[in-house]
Amino acid sequence: MHYQGDYYWGYYMPTRSIGSDPMERVVKLASEKAVVIFSLSSCCMCHAVKRLFCGMGVNPTVYELDQDPRGKDLETALMRLLGNSQPVPVVFIGGKLIGAMDRVMASHINGTLVPLLKEAGALWL
Amino acid sequence: MFPSWPMRYRQTPGSSKSGGESTDSGSALNTISSKTENQFEPDSPISKKASSSYHQAFDQQNLQQQQQQQEMASDPSRTGTSLNQSAPIVKPLQEKKRASTSEKQLDAKTLRRLAQNREAAKKSRLRKKAYVQQLESSRIKLTQLEQELQRARSQGLLLGSSGGGVGNISSGAVICDMEYARWLEDDERHMSELRTGLHSNLSDTDLRLMVNTYLSHYDEIFRLKGMAAKFDVFHLLTGMWTSPAERCFLWMGGFRPSELIKILISQLDPLTEQQLMGICSLQHSSQQAEEALSQGLEQLQQSLIDTVAGGPAIDGMQQMAIALSKLANLEGFVRQADNLRQQTLHQLPRILTVRQAARCFLVIGEYYGRLRALSSLWASRPRGRLMSDEQPCQTTTELQMVQPSQSHFAHF
C-alpha cells in the first residue's frame, strides 16, 4: 500500500491545473491507479477496507483525506457521489466506482471483485 | 492589595523585635501570612478572620516599632532591608491602602513578590472560572442525556416505569428479543414447509419459490437486527439476543459465515466439481471479509481503550464525549457483519441447485435449533445433590426425546 498526495512523503507531484473542482479531482485521482481508496486516518472502517485488499495481495493507493489540505472538499464530493452521510471509505477499481464497504464486501462474496481486480491489473493469478 | 500584607509582615519580625518575643509573634505572623497567601478571594470569611488578626497584630507592633526605630537607626549590624522595611510599617492601619500603593518605598524584591502574588491569585481565579464553566457545560450535557434516555424509555411501551426491574434491559433490547421470538416461530413454519417440499418431490420451480421465500425470511431478520443496532448495539454485540450456546460461537453479533459454510460442505455431498469450487471460494472470500472486519473492529477497540484509559491531564466529561462518538462506530461494524451474512446466504442458491439450496437452509435451521435446545438442556441439567430424585429421571426422559427424530429439536 502506498500513500499519495500533493505535498507529502517527499513525492513531487506536478501542479495540477484542475485543482478547483473537487469532483473532477476525485475522478482524476481515481483513474490514475488500479485500486484507489479514499480514507480518513482515524476511520476504523477504512482500516478494515485497507486490510481486506492487503489480505488479498492487492496494493491499493490510499488517499487520507484528513491529511490533504483540500480534503474537506473531496469528502463533500464523495458524499454527494454516494448519496451517503459517510464520505469514507470509498473504493475505485480501474477508475470505476465500486462504492463503500457494503458494496465492496457484496461484490467479493458474489465473486465479481476478483475479476475486476484482475482486469485492472491489480491482481495476478 | 490584600496579598501585599503578608509581605510586609514577614519582614517585620526580623527587623524590629528583641529577644524571645520576636520569635513567638514572628512565627505566628508567618503562619498567618502563609495561610492568607493561599486564599483566592479576598472577601472570603477565612481571609477576613486572618485580616482581622492581622489588624490586631499590626496595632500591637506599631507602637513597638516606633520605639525601636531609633535603636535600629543607630545599630549598623541590622540588615539593610529591615531598615527599609520599618518605614512603611510605622504608618497607621487606616493608611495601609495608601501605603501599599506607594511602591517606590518598597524595594525590588518585595515588588517582585507582590507582582508574583498578584499573578498567582489571578491565575487561581481564572482556573476556578474555567472549572466552573466546565461544570456548567457538563451539567447541560447531562440533562440532555437524561432527556434522551427519557425519550428512549417512553418508546419502549412494554417496560413502563420498571426500567431497572427487568435487570437493566433497555427497551430496544426487549423489542428486539420479542421480534426475534416471532421470527423464530416463522422460521419453524418455513422449515417444515421446506421439509415437506423436499420430501414430496416438488418441481424445481415450486421449490425455487420456497427457497426465495426463505431468503426473504432471512432478509427480515437482518432488517430487524439493523434497527436493533440503532437502539442497543451492545445487546447485539454481546449476543444477549441469542441463546447461550449460540452466544458461545458469536462473531460480531451473529454467526460466522465461513463456519456455516464449513458445516454445509460436510452435509452437502454429492457436489459437482464446479459446485465444490464455488462453495470453497465463497468460504475463502467470507474468511477474508471476516478477517478485515475483525481487524477494523480491533482498531476501534484499541482507540476506545486509549480514550477511556486517558491520562491525568484529560478532562472527564470531554473524555466521555469522545468515547461516546467512537462507540457510535460499533453500529457500522455490526451492520457490515450482518451484510456479509446476508450476502453469503444469497450466494448459496446461485452456486447450488435448487434442491441443494433448500437442503442448505434446512441444515442451517436445524443446526441453530439444536444449539438452542442444547442451551435449554444445559440450563436444566442436574447439578449434584442439590437436585431432588426426580431430576435425573427428567433429564433422561429429555435425552430420550432427543434421539427419535431430528424434527423434535425444532420444537424446543
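Could you tell me whether region A:73-82 includes any residue that is out of contact with any helix residue (DSSP H, G or I) (no Cβ under 8 Å at 6 or more places or on another chain), surrounded by fewer than 22 Cβ atoms within 10 Å (Cβ to Cβ) and at negative phi? Checked against the condition, which is being out of contact with any helix residue (DSSP H, G or I) (no Cβ under 8 Å at 6 or more places or on another chain), surrounded by fewer than 22 Cβ atoms within 10 Å (Cβ to Cβ) and at negative phi, region A:73-82 yields at least one hit.
Restricting attention to region B:228-267 and to residues that are without any contact (Cβ under 8 Å) to a residue 24 or more places away in the chain and aliphatic (A, V, I, L, M), the residue that is farthest from B:S325 (Cα to Cα) turns out to be B:I265.
When region A:33-44 is filtered for residues that are within 14 Å of another protein chain (Cβ to nearest Cβ) and either in contact (Cβ under 8 Å) with a residue 40 or more places away in the chain or surrounded by fewer than 22 Cβ atoms within 10 Å (Cβ to Cβ) (or both), the ones remaining, listed by number, are A:I37, A:S39, A:L40, A:S41, A:S42, A:C43. Candidates B:A181, B:A229, B:A173: the one that is surrounded by fewer than 16 Cβ atoms within 10 Å (Cβ to Cβ) and either under 32 Å from the mean Cα position of the chain (by Cα) or among the small types (G, A, S) (or both) is B:A181.
The residue that is farthest from the other protein chains (Cβ to nearest Cβ), counting only those in region B:271-293 that are out of contact with any helix residue (DSSP H, G or I) (no Cβ under 7 Å at 6 or more places or on another chain) and in a helix (DSSP H, G or I), is B:E273.
In region A:94-125, the residue that is farthest from the other protein chains (Cβ to nearest Cβ) out of those that are closer than 20 Å to B:L293 by Cα and not in a helix (DSSP H, G or I) is A:I98. Residues of region A:45-64 that are part of a loop (DSSP other than H, G, I, E, B), among the hydrophobic types (A, V, I, L, M, F, W, C) and more than 9 Å from chain B (Cβ to nearest Cβ): A:V58 alone.
Conditions (1) modelled with pLDDT of 90 or more; (2) part of a helix (DSSP H, G or I); (3) in contact with a strand residue (DSSP E or B) (Cβ under 6 Å, 6 or more places away or on another chain), marked per residue:
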{"residue": "B:G164", "(1), (2), (3)": "no, no, no"}
{"residue": "B:G172", "(1), (2), (3)": "no, yes, no"}
{"residue": "B:C176", "(1), (2), (3)": "yes, yes, no"}
{"residue": "B:L194", "(1), (2), (3)": "yes, yes, no"}
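Return a yes/no flag: does region B:327-337 have any residue that is more than 30 Å from A:T112 (Cα to Cα) and of a type in the set (A, V, I, L, M). Yes - at least one qualifying residue is present in region B:327-337.
Collect the residues in region B:329-361 that are touching a Pro at 6+ places or on another chain (Cβ under 6 Å) and either without any contact (Cβ under 8 Å) to a residue 60 or more places away in the chain or more than 14 Å from chain A (Cβ to nearest Cβ) (or both), keeping them in residue-number order. B:A357 - this is the single residue of region B:329-361 that is touching a Pro at 6+ places or on another chain (Cβ under 6 Å) and either without any contact (Cβ under 8 Å) to a residue 60 or more places away in the chain or more than 14 Å from chain A (Cβ to nearest Cβ) (or both). Criterion applied to A:A122, A:A30 was being in contact (Cβ under 8 Å) with a residue 60 or more places away in the chain and crowded, with 22+ Cβ neighbours inside 10 Å, and the one residue passing it is A:A30.
The values are calculated or read from the model by the stated rules, or taken from the named source; none is laboratory data. None of these values were measured; they are calculated from a predicted model. Note: ideal-geometry Cβ built from the backbone for every residue, glycine included; neighbour counts use all protein chains shown.
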